[in-house]
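The values are calculated or read from the model by the stated rules, or taken from the named source; none is laboratory data. In this text the structure is predicted, and so the values were computed from the model without any measurement. Don't worry about glycine lacking a Cβ; one is built from the backbone with ideal geometry, like all the others, and counts go over all protein chains shown.
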Amino acid sequence: MLPFIRKNAITIAGVILGLIGGYLYWQFIGCTSGTCAIQSDPWKMTPYGGLMGGLTANLLQDMLRKKKVNKNG
């Protein structure tokens, strides 16, 4: 389990930051009228934020790995 966490640390951190960001977005900016499908409910906005944070961090992690391989190769 520990090698998996070390290998994907940036992605895991992105998911955690995305979850926090999704909740904070719902809390301070989200749709108050209830007509927005995702933004009106914290149970929808928080996982959505985690997904977006994870995807962004995974993209960053892949770019850093490719840069490291090109630098060493």
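Of the residues screened, P47 is one that is modelled with pLDDT of 95 or more and either among the basic types (K, R) or surrounded by 13 or more Cβ atoms within 10 Å (Cβ to Cβ) (or both).
Being in a helix (DSSP H, G or I), surrounded by fewer than 11 Cβ atoms within 10 Å (Cβ to Cβ) and either modelled with pLDDT of 95 or more or not small (G, A, S) (or both) is a property that does not hold for R65.
Whenever a residue of region 13-28 is polar (S, T, N, Q), its partners that are assigned to a helix (DSSP H, G or I) and surrounded by fewer than 21 Cβ atoms within 10 Å (Cβ to Cβ), lying with C-beta atoms within less than 8 angstrom and at least six residues away or across chains, give the pairs Q27/P42.
This table checks each residue for (1) in a helix (DSSP H, G or I); (2) within 24 Å of K68 (Cβ to Cβ); (3) at pLDDT 95 or above.
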{"site": "R6", "(1), (2), (3)": "yes, yes, no"}
{"site": "I12", "(1), (2), (3)": "yes, yes, yes"}
{"site": "V15", "(1), (2), (3)": "yes, yes, yes"}
{"site": "L19", "(1), (2), (3)": "yes, no, yes"}
{"site": "Y25", "(1), (2), (3)": "yes, no, no"}
{"site": "T32", "(1), (2), (3)": "no, no, no"}
{"site": "Q39", "(1), (2), (3)": "no, no, no"}
{"site": "M52", "(1), (2), (3)": "yes, no, yes"}
